[in-house]
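Below: one structure, written as structure tokens.
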Amino acid sequence: MRDEAGAHALDADLYAEALAAIRERTNGGMIVQVTTEAVGRYSPSEQMQLVRALRPAAVSVALREILRAGEAAASAFFAWTAEQGIGVQHILYDEGDLEKFAQLSRRGDFGDMRRPRLLFVLGRYARDQESRPEDLDAFLAGLQRHRLATDTVWSVCAFGRGETSALATAIARGGHVRVGFENSLWNADGEVARDNVERVAVIARVAANAERPLASAQQARAILGIAC
């Protein structure tokens with residue numbers, strides 16, 4: 001969500017208003033996942049409070065950000081989301097984040113999580129913030145090393161002019177993708193896309209060419225393990 005000045009806002013009332021409008025326009029058929037990312041503005045307690053107040057069906061959480069509250073507080077939060085049936089996608093920025101996720105998962109800190117959902121962020125902290133397909137290799141190797149590859153539903157988001165090639169690689173290797181102006185404005189040829197719709201359409205064609213058709217809302221719920 002954005003506030004009146006266009007800045008990132010973790011505001012439960014704004015989210016509730018937007019979610020209600022989306023449900024009305026889509027007859028409740030669309031899965032909507034909210035984000036809790038701090039963007040240098042919000043504390044872990046504020047991030048967790050948003051989820052507790054909103055109780056969304058699905059939410060993305062940057063693991064390293066929530067852990068700044070301490071492992072005990074983070075574990076209690078994730079146990080609560082599991083009890084509430086809230087689908088959590090864990091945002092991981094590098095191999096270190098994946099190592100920490102695996103450690104906490106083995107310890108049972110995420111509650112009864114039969115199908116972990118992970119978002120691998122490619123190139124976020126690179127000097128030029130340009131993603132490359134090979135950025136995915138370390139994450140996939142980590143999934144194998146920690147025996148997470150079989151049950152994990154993993155997705156990728158990428159930055160800059162390399163977004164299309166990075167997402168195409170993720171699709172080809174069995175992953176899911178997040179695409180849009182939040183991460184990149186450019187098409188593969190280096191030209192700025194007309195709008196967000198064009199970027200989504202490009203990646204939809206990539207998926208079709210890879211014989212990985214887009215999921216319906218019902219299929220997506222089954223893939224992600226989200227009940228509502």
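The values are calculated or read from the model by the stated rules, or taken from the named source; none is laboratory data. On a predicted model such as this, the values are computed, not experimentally measured, just so you know. Neighbour counts are summed over all protein chains in view; Cβ atoms, including those assigned to glycine, are modelled from backbone coordinates with ideal geometry.
Of L63, L119, L104, all but one fail to be out of contact with any His (no Cβ under 9 Å at 6 or more places or on another chain) and either closer than 22 Å to T150 by Cα or polar (S, T, N, Q) (or both); the exception is L104. When you scan region 45-60, do you find a residue that is in contact with a Cys (Cβ under 7 Å, 6 or more places away or on another chain) and in contact (Cβ under 8 Å) with a residue 24 or more places away in the chain, even just one? Yes, region 45-60 has at least one match. Name the one entry in L136, L92 that is within 30 Å of A72 (Cβ to Cβ), touching a strand residue (DSSP E or B) at 6+ places or on another chain (Cβ under 7 Å) and at pLDDT 95 or above. Being within 30 Å of A72 (Cβ to Cβ), touching a strand residue (DSSP E or B) at 6+ places or on another chain (Cβ under 7 Å) and at pLDDT 95 or above holds for just one of L136, L92, which is L92.
The sole residue among I223, I171 that is in contact with a Lys or Arg (Cβ under 6 Å, 6 or more places away or on another chain) and assigned to a helix (DSSP H, G or I) is I171. A count restricted to region 64-88 and to residues that are buried (at least 20 other Cβ atoms within 10 Å of the Cβ) and either in contact (Cβ under 8 Å) with a residue 40 or more places away in the chain or hydroxyl-bearing (S, T, Y) (or both) stands at 2. Selection of first residues in region 129-150 that are at positive phi and of second residues that are surrounded by 13 or more Cβ atoms within 10 Å (Cβ to Cβ), restricted to Cβ pairs under 7 Å at least 6 apart or on distinct chains, gives the following pairs, ordered by first then second residue: Q129/G123; Q129/F159; Q129/G160.
Residue pairs whose Cβ atoms lie under 7 Å apart, separated by 6 or more positions or on different chains, with the first residue in region 212-224 and more than 13 Å from R117 (Cβ to Cβ) and the second outside any helix (DSSP H, G or I) and aliphatic (A, V, I, L, M), are A217/M30; A217/I31. Among the residues here, R194 does not qualify as among the charged types (D, E, K, R) and either surrounded by 16 or more Cβ atoms within 10 Å (Cβ to Cβ) or in contact with a Leu (Cβ under 9 Å, 6 or more places away or on another chain) (or both). Checked against the criterion of being modelled with pLDDT under 95 and surrounded by 13 or more Cβ atoms within 10 Å (Cβ to Cβ), the candidates A215, A207 yield just one match: A215. Pairs under 6 Å by beta carbon, first residue assigned to a strand (DSSP E or B) and modelled with pLDDT under 95 in region 1-26, partner loosely packed, with under 15 Cβ neighbours inside 10 Å and aliphatic (A, V, I, L, M), six or more apart or different chains? Close Cβ pairs satisfying both conditions: H8/V39.
Considering only residues that are assigned to a loop (DSSP other than H, G, I, E, B) and of a type in the set (S, T, Y), look in region 122-168 and name the one that is farthest from E99 (Cα to Cα). Ranking the qualifying residues of region 122-168, first place goes to S131. Scanning region 121-151 for residues that are in contact with a helix residue (DSSP H, G or I) (Cβ under 7 Å, 6 or more places away or on another chain), buried (at least 16 other Cβ atoms within 10 Å of the Cβ) and farther than 23 Å from S184 by Cβ yields a total of 3.
Is region 36-53 home to any residue that is surrounded by 13 or more Cβ atoms within 10 Å (Cβ to Cβ) and assigned to a strand (DSSP E or B)? No: zero hits.
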